[in-house]
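The structure appears below as structure tokens.
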Amino acid sequence: MDYNWTGKKILIAEDVDVNYRFLEKVLESTGAEVFRVKNGNEAVEFCKTHNDLDIVLMDIQMPDMDGFEASLIIKKIRPSLPIIAQTAHSIEKGREKGKDSGCDEYIVKPININKMYATIGKYLKEHA
């Protein structure tokens, strides 16, 4: 499927370079503008200062502040901003914890690219 997200802004909160580069490359063909932060504190600050952001891909296990805590704070600031939690680890009750922290979706790495596109697309359409 072809996804045209030209004009959309996606924040990737990911501390591992190879994981970020993978997501950046996968999203390149969509035309979306991609930004990166490396920890939860940076994600919160970025969301505070970028009101035009359309969606956040939030890694759960990051230094300084984990993705759950960052998502909780971001949702208090911007309740309608979609956050998709992503992790390489199967966290016990991760989906429930993700929902409790305000994450709209929860995906496990390795990421299924088609599922990721469909999930992001769903939220970009809902929040257009």
Just want the answer: with Cβ charges of +1 for Lys and Arg and -1 for Asp and Glu, which residue in V18, G121, V56 is farthest toward the dipole's positive end in the chain? G121
Quick one: what does P(r) look like for the chain with 10 Å bins over all Cα pairs, in whole %? 13, 51, 33, 2
Structure-based [θ]222 nm, the chain - -39500 (n - 2.57) summed over DSSP H runs of at least 4, per residue, nearest 500: -12500 deg cm²/dmol
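Read-outs: derived from the displayed coordinates by stated rules, not from any lab. Keep in mind that this is a model prediction, so the values were computed, not measured. Reconstructed Cβ throughout: ideal geometry from the backbone, glycine too, with neighbour counts over all protein chains shown.
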